[in-house]
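Below: the structure, in structure tokens.
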Amino acid sequence: MNLDFNQLHRNFYLHPHPKEFRLGQAAFNYVYQYLPEIANQIRGTNKDPFYNDKALAEFWDEVKRLYNEQHS
């Protein structure tokens, strides 16, 4: 899938997530599916929402920043 960041972000919120995942887990797994290099750069940092849903906004900001770096 070749999406720009805004399409990727929007599609995440438009499609249902597995009910067994919290929103942070679902977001991390979603980004990992399409942008594994970016997800791996964020994994384990304070912006990783996998175990902390409160980091979700910072996560998306960091995904956007890294995406723009790679695609500029």
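Taking the stretch 19-46 as the range and being more than 10 Å from the chain's Cα centre (by Cα) and more than 20 Å from LEU3 (Cα to Cα) as the test, the residues that pass are LYS19, GLU20, PHE21, ARG22, LEU23, ARG43, GLY44, THR45, ASN46.
If we scan the stretch 43-50, do we find a residue that is among the hydrophobic types (A, V, I, L, M, F, W, C) and in a helix (DSSP H, G or I)? No: the stretch 43-50 contains no residue that is among the hydrophobic types (A, V, I, L, M, F, W, C) and in a helix (DSSP H, G or I). Given the criteria outside any helix (DSSP H, G or I) and not charged (D, E, K, R), does PHE28 qualify? The answer is no for PHE28.
Could you grab me the full set of residues in the stretch 44-60 that are over 13 Å from ARG22 (Cβ atoms), touching a residue at least 12 places away in the same chain (Cβ under 8 Å) and not polar (S, T, N, Q)? Passing the criteria: LYS47, GLU58, TRP60.
Here, each number is a calculation from the coordinates, and none is a lab measurement. Computed from a predicted model, the values in this text were never measured in an experiment. Cβ: placed from backbone, ideal geometry, glycine included. Neighbour counts: every protein chain shown.
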